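A.B. asks: The structure under discussion is supplied below as structure tokens; questions concerning it will follow.
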Amino acid sequence: MSCEAKRCGVRFSPPSIVLMYVHTDTKKMRKRIIPVRNFSKYSDCSVAAERLKNHPRHRDYLRQVPQSQLEKLHIILRDHMQGSSLEDILASFRLDPEEDLNKLDDEELARKKGQMDRLFERNRKRTDDPDFVYDLEVEFDKSNQEKCSWDEESDDEF
Amino acid sequence: MADDVGSIPELDQKKYDADEQVKIICLGDSAVGKSKLMERFLLDEFRPQQLSTYALTLYKHKATVGSKTVAVDFWDTAGQERFQSMHPSYYHKAHACIMVFDVQRKITYKNLANWYKELREYRPEIPCCVVANKIDADLKVTQRSFSFAKKQGLPFYFVSAADGTNVVKMFREMIKRAVDYKLNPSDFMDEVMEELENFDLEKKEENSEADENGLSKPPQQPGSTLRLIRPARVRDQTFSGNSNSLAFESSDCVAMTRKSKDNR
């Protein structure tokens, strides 16, 4: 069996992970509904995600789905079981540049960092990239710099 | 005893007095990328030592400055920044400071002022720099000038932990400055601390009973312990012959930091 994962989501009732994939031979789009068993509002999402990723019946289908995404889907599921609205749950992952992240607890902060990591990974140069330069130096022209608006309103603060 | 201001049982901060050892601390808000910067600089060397009880992460690095090999300890926060203040032991004996903000979040830039203020309470003279991280997210920010560093007379770096821009340059320059500072400390506090430590050693035997008294003192408010090592207080404590209470106030503060964390 070989397939190409397209999208992966969550269904609240009954609790399931939903995978959209294309069957490589038939080129047909298929939907696979994977029930999430032995999972409650007290469960550890990272353990549950790992368990699902390695599940003998589903692992071939989930090979291309990152474990971090499965974990996030489990968090959504768990938060829903705890009574949060979908809107609130999704907001907890969203990055608000105005929000003071110092005020979040570990788990809330981890959600925001998870989002930041996606950008980080996208822009990341790895040591095995052919154009990787360890001590990359870039000079930025200071003569044409404009004042940053962050300084304007409250210059006296500093 | 003599090293109580920096009292962390797992760590002997006296080692930072040795010529070939420097301590460099990182400051900045949650999620500005402090650890990512360390990771990018150290690459394979990256083996952090977690001291989670103290919300602290240590990275060890061997650097070559001129013809000398220097052991560098980088101190990074592990959530302690959430208290908007670091424990005095974090600043204790530091030789340089790297202050980081996230170019995508204004509040992290605005908070630099608070971090800098606290740093200077403990370490009035150590070299410090301002690092604008995550420029890969929007290169346009590099066309802007950020006045905080200039106003404080601090070097400023545009960096990206993701693509590596200027990360190594910044760290190398800061290591060099830390070593230079150590060779020529301009810090009055270093001398005071040294004096105090010598004094403590002399007093240790005759004052051994006072230890218990010191221990039973009620915890101090963090605000008051912040001022603990300011010269005036240090002198008061020292010359009243009551150096032990000074030491234990600071270890009370360790307990407090831990407690307030559990209470969250």
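The values are calculated or read from the model by the stated rules, or taken from the named source; none is laboratory data. Keep in mind that this is a model prediction, so the values were computed, not measured. When we count neighbours, we look across all protein chains shown, and the Cβ atoms used for this are built from the backbone with ideal geometry, even at glycine. All accessible areas refer to the heavy atoms of the entire protein, side chains included, with ligands and DNA or RNA removed. Shrake-Rupley method; radii C 1.70, N 1.55, O 1.52, S 1.80 Å.
A.B. asks: By average Cβ neighbour count within 10 Å, what is the ranking of B:123-132, A:99-108 from highest down? Provide the component values of the computation, followed by the final result.
C.D. replies: Numbers: B:123-132: 21.1, A:99-108: 14.1.
Packing proxy ranking, top to bottom: B:123-132, A:99-108.
A.B. asks: Heavy atoms only, probe 1.4 Å: what % of the accessible area of the range A:33-157 goes to carbon and sulfur, would you let me know?
C.D. replies: The computed percentage sits at 45.
A.B. asks: How big a patch of accessible area, both sides summed and in Å² to the nearest 100, lies buried between B and A at a 1.4 Å probe?
C.D. replies: On the way: alone 13090 and 12530 Å², together 21690 Å².
Approximately 3900 Å² gets buried when B meets A.
A.B. asks: Expressed as a rounded percentage, what relative contact order does chain A have, with Cα pairs under 8 Å and six or more residues apart?
C.D. replies: Relative contact order here is 14 percent.
A.B. asks: Still on this structure, I have one more. Rounded to the nearest whole Å², what accessible area per residue is found for the range A:1-84 with the 1.4 Å probe?
C.D. replies: Values: 5190 Å² over 84 residues.
So the range A:1-84 comes to 62 Å² accessible per residue, rounded to a whole number.
A.B. asks: Continuing with the same structure: For residue A:99 and residue A:38, what does the FRET efficiency come to when R0 = 41 Å and r is the distance between their Cβ atoms, rounded to the nearest 0.05?
C.D. replies: Values: r = 35 Å, r/R0 = 0.84.
According to the calculation, E is roughly 0.75.
A.B. asks: Simple spin-label model, 7 Å along Cα-to-Cβ: residue B:12 to residue A:86 in nm?
C.D. replies: 6.1
A.B. asks: What list of ³J(HN,Hα) values in whole Hz, one per residue of the range B:111-122 in order, does the Karplus curve 6.51 cos²θ - 1.76 cosθ + 1.60 (θ = phi - 60°) give from phi, with Gly and Pro shown as x?
C.D. replies: Those phi angles translate into 6, 3, 4, 5, 4, 5, 4, 5, 3, 6, 5, 8 Hz.
A.B. asks: Among A:12, A:120, A:140, which one shows the highest mean-square fluctuation when chain A is modelled as a Gaussian network with alpha-carbon springs under 10 Å?
C.D. replies: Taking springs between Cα atoms under 10 Å, the residue moving most is A:140.
A.B. asks: Mind checking the mean number of beta-carbon atoms from other chains within 10 Å of the Cβ atoms in B:160-169?
C.D. replies: Taking all residues of B:160-169 together, the mean is 6.
A.B. asks: Further question: What does the structure give for A:133-144 when I average, per residue, the other chain Cβ atoms found within 10 Å of the residue Cβ?
C.D. replies: 6
A.B. asks: Distance in nm between label sites at residue B:180 and residue A:135, each 7 Å beyond Cα in the beta-carbon direction?
C.D. replies: 1.6
A.B. asks: Here is a follow-up. Looking only at other chains, what is the average number of their beta-carbon atoms within 10 angstrom of each beta-carbon in A:119-129?
C.D. replies: Numbers: counts 5, 9, 1, 3, 8, 8, 7, 1, 3, 0, 1.
Taking the mean over all residues of the peptide, I get 4.
A.B. asks: Let me know the shape class of chain A, please: from the alpha-carbon gyration tensor, a ≥ b ≥ c as square roots of the eigenvalues, rounded when a/c is under 1.5, otherwise prolate if a/b is greater than b/c, or oblate.
C.D. replies: oblate
A.B. asks: Specify whether the C-alpha gyration tensor of the range A:1-84 places it in the rounded, prolate or oblate class, a ≥ b ≥ c being the square roots of the eigenvalues: rounded for a/c under 1.5, otherwise prolate if a/b is larger than b/c and oblate if not.
C.D. replies: Prolate, since a/c reaches 1.5 and a/b exceeds b/c.
A.B. asks: Counting Lys +1, Arg +1, Asp -1, Glu -1, what net charge surrounds residue A:79 among other residues with beta carbon under 13 Å of its beta carbon?
C.D. replies: Net charge in that neighbourhood comes out at -1.
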